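What follows is a set of notes on a single structure, which appears directly below.
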Amino acid sequence: MPRAGSQTLKSSTIIAASLMWRRKSGSMLVESPRIDLLPDGAPGPRRFKIKVADQKERRGLVDSLLKSRYGWRGYQAVGLPTDPAVTKFTLAAMEEGSSIGTITVSFDSAQKLSCDDAFGPEVEALRREGRKLCEFTKLAVDPTTATKRVLASLFHVAYIVAHRIRGFDTLLIEVNPRHVRYYERMLGFRVIGTERLNRSVRAPAVLLTADFSYILEQVGRFGGRPELAAEERSLYPFVFSLSEEASIMARMQAVQSQRQRQSAAPGDEPDEPHPEDALPSDLMPH
């Protein structure tokens, strides 16, 4: 059993946030009451949660969203693998039991990255420079219910895990050529690989990159300040502030520390598995 005085955080919820900026508090995060105790469909202002997509039911919702958003564009079937790899993790933005957004993060390893298939020389050149690479893939949001906040929050939480916690320094994404300007303008990406065929979806793709140090700088300048969106035409006013980022990291690390204590304490019996217990000690790899 847990030791006396320890707080058990049993939730796959990483953050709960307001869909709209609350001018009175100036904060996007919902931190009271405890976010892991908030029901997804609680009454009051619209809010969403970002959770780890590890449960079968949640992965099914994400899979349906991916098939819907990529299918209408004519892409070949896009979905989550049935056997998640340890070098990947998937986040889901959830509102009232529905998946309204998702993103998958892949860490470079001996198995390499998805973008190696079409852009091998460019990716290898970055490895030779000593870069620690990660890739964001399978980004999708439901345009009927999601907002810029949802997109920005998914991107920011993925960035927190990849850079602030895991120490990767270079981000790669493959995008359709039609969307290059959007990612350049909204997030500061730059092109490093010209148009090729992405064989997995049989569609053209361009390889973009961004340094996580640049993203950190933009978070510091604009994060948590949506009132600047009219003059700063990027996604960064809709991400979290540095203080909110620190709260998110503290929650992740508290769960990690708690599990390490429980596994190391002599004589302690492990807790019964919880259906939403989804933040392992190595911080959500899939």
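Could you work out the relative contact order of segment 216-256, using alpha carbon pairs under 8 angstrom and six or more residues apart, expressed as a whole percent?
On the way: 37 pairs, mean separation 15.2, N = 41.
That works out to 37 percent.
For segment 148-158, what does the Karplus curve 6.51 cos²θ - 1.76 cosθ + 1.60, with θ = phi - 60°, yield as ³J(HN,Hα) per residue in whole Hz, taken in order and with x for Gly and Pro?
With the stated coefficients, segment 148-158 comes to 4, 4, 5, 4, 5, 5, 4, 4, 5, 5, 4 Hz.
Can you list residues whose amide H is under 5 Å from L139's amide H, if they're 5+ apart or on another chain and H is modeled 1.01 Å from N?
Counting only residues 5 or more places away or on other chains, the set is T104.
Which loop-located trypsin sites (Lys or Arg not before Pro) does segment 146-254 contain, where loop means any DSSP state but H, G, I, E or B and the Cβ has at most 11 other Cβ atoms within 10 Å?
Numbers: sites: K148, R149, R164, R166, R178, R181, R185, R190, R196, R199, R202, R221, R233, R251; in loops: R166, R199, R202, R233.
In loop regions of segment 146-254 (DSSP not H, G, I, E or B), the sparsely surrounded trypsin sites (Lys or Arg not before Pro) are R199, R202, R233.
Within the set K56/K88; K88/K138; K88/K132; K51/K138; K51/K88; K51/K112, which residue pairs have Cα atoms separated by over 23 Å? If you can, show how the numbers build up before the last one.
On the way: K56/K88 16 Å; K88/K138 12 Å; K88/K132 15 Å; K51/K138 16 Å; K51/K88 15 Å; K51/K112 26 Å.
Exceeds cut-off: K51/K112.
Ranking request for peptides 237-247, 117-127: highest mean number of other beta-carbon atoms within 10 Å first, then the rest in descending order.
237-247, 117-127
Heavy-atom accessible area per residue, segment 119-210, 1.4 Å probe: how many Å²?
Details: 3910 Å² over 92 residues.
Heavy-atom SASA per residue in segment 119-210 reads 42 Å².
The values are calculated or read from the model by the stated rules, or taken from the named source; none is laboratory data. Small disclaimer: the values here were computed from a predicted structure and weren't measured. FYI the Cβ positions are ideal-geometry reconstructions off the backbone, even for glycines, and counts take in every protein chain you see. The accessibility values were calculated without ligands, DNA or RNA, using every heavy atom of the protein model including side chains. Shrake-Rupley method; radii C 1.70, N 1.55, O 1.52, S 1.80 Å.
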